[in-house]
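All remarks here apply to the structure that follows.
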Amino acid sequence: MSRIPLIAGNWKMNKTPDEAVKSAQELVELTAGAEAVEAMIAPPFTALTAVATVLADSPLHLGAQNLFWEASGAYTGEIAPNMLTAAGCSHVIIGHSERRQYFNETNATVNKRVHAAVENGLIPVVCIGETLEERQSESTQLVLGDQLKAGLANLTAKDLAHLVVAYEPIWAIGTGQAATPDTAQATHQFIRSFLQKSFGNKLANSVKILYGGSVNVDNIKELMAKPDIDGALVGGASLEAETFSQLVCFNLSE
Ligand code: PGA
């Protein structure tokens, strides 16, 4: 089964609305010739509405970097799922390692957010990944298995029909040390077979598994050549429209 690749840009805490609009406009122009690939950008909350207007007539998707699981109420500082859909989002990143590290995100809160995303028709981009110590002590599969099992608890294959998983080894994020294509492929294969055992063949075959962690113009092609790597979640290299457009068009260049 062929999966359409997804190249996603996580802008993290960068860009004012004006800066985000400018980058999005450049990106729309520069990716006009992209073929057979989906692209998504996730600006900060404050820029979502403005960027949605720029992307409206383009094939580019809009994502948020987080959401809260309640629908409304006294949750100062939080953003509800329907606020994201109303702002034009189709995707939402959940459980990024920076949220886990700095904001007490756990597998249990990831699970609540995935439920909320699914119930509101948002495509969850669920991030998982191991630390360097965990990889060195050969507990990567254990850690990723726990993150998937708990993060996707009480959800069915039908709920997760549009699920995107982003495998982001923490040691590779922002370090310039991407996982080798072989290491990433072996881990993606493990993730797909875990999903197959938990949710069946159909879901395992359709789920997009993105690789994230120091993806750049020099390594994207080799990574994307691997059978279980269905796209990339890109941080640093997504901030410049010129560079990110080259990643989105990875399959067009020589
Ligand atoms: P990076 O970040 O591309 O800057 O390594 C990836 C991510 O955190 O999603």
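Every read-out reported here was derived from the displayed coordinates using simple, explicitly stated rules and does not represent laboratory data. Everything quoted here is computed from the prediction, not taken from an experiment. Counting neighbours? That spans all protein chains shown, and the Cβs are built from the backbone with ideal geometry, glycine included.
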Point to revise | Residue under evaluation Ile128, criteria (1) in contact with a Phe, Trp or Tyr (Cβ under 8 Å, 6 or more places away or on another chain); (2) more than 16 Å from the ligand (Cβ to nearest atom), criterion not met | key: (2)
Review point. What number goes with the only condition from (1) free of Cβ contacts under 8 Å to residues at least 60 places away in the same chain; (2) in contact with a Phe, Trp or Tyr (Cβ under 6 Å, 6 or more places away or on another chain); (3) under 30 Å from Asn154 (Cα atoms) that Leu223 does not pass?
Key: (3)
Exercise for review: Mind counting the residues in the stretch 1-53 that are touching a His at 6+ places or on another chain (Cβ under 9 Å) and either within 16 Å of the ligand (Cβ to nearest atom) or small (Gly, Ala, Ser) (or both)?
Suggested key: 8
Review point. Of the conditions (1) crowded, with 19+ Cβ neighbours inside 10 Å; (2) over 28 Å from Gly129 (Cβ atoms), Leu48 fails just one. Which one is it?
Key: (2)
**Study point:** Selected residue [within 16 Å of the ligand (Cβ to nearest atom), among the β-branched types (Val, Ile, Thr), out of contact with any Lys or Arg (no Cβ under 8 Å at 6 or more places or on another chain) and not in a loop (DSSP other than H, G, I, E, B)] from Thr243, Thr175
**Key:** Thr243
Review point. Which ones in the stretch 161-172 are within 11 Å of the ligand (Cβ to nearest atom) and either hydroxyl-bearing (Ser, Thr, Tyr) or in contact with a strand residue (DSSP E or B) (Cβ under 9 Å, 6 or more places away or on another chain) (or both)?
Key: Ala166, Tyr167, Glu168, Pro169, Ala172
Check your understanding: Any chance the stretch 73-85 includes a residue that's at positive phi, more than 16 Å from the ligand (Cβ to nearest atom), among the polar types (S, T, N, Q) and surrounded by fewer than 19 Cβ atoms within 10 Å (Cβ to Cβ)?
Key -> no
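Run down Ile209, Ile191, Ile229 and say which single residue is within 18 Å of the chain's Cα centre (by Cα), surrounded by 21 or more Cβ atoms within 10 Å (Cβ to Cβ) and in a loop (DSSP other than H, G, I, E, B). Outline the logic, then answer.
Working: Ile209 fails: in a loop (DSSP other than H, G, I, E, B); Ile191 fails: in a loop (DSSP other than H, G, I, E, B).
Exactly one residue qualifies, and that residue is Ile229.
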Point to revise | Meets criteria (under 18 Å from the mean Cα position of the chain (by Cα), over 28 Å from Ala241 (Cα atoms) and more than 16 Å from the ligand (Cβ to nearest atom)) for Val110 | key: no
**Study point:** All positions within the stretch 178-190 that are in contact with a strand residue (DSSP E or B) (Cβ under 8 Å, 6 or more places away or on another chain) and either away from the ligand (no atom under 16 Å from the Cβ) or of a type in the set (S, T, N, Q) (or both)
**Key:** Thr187
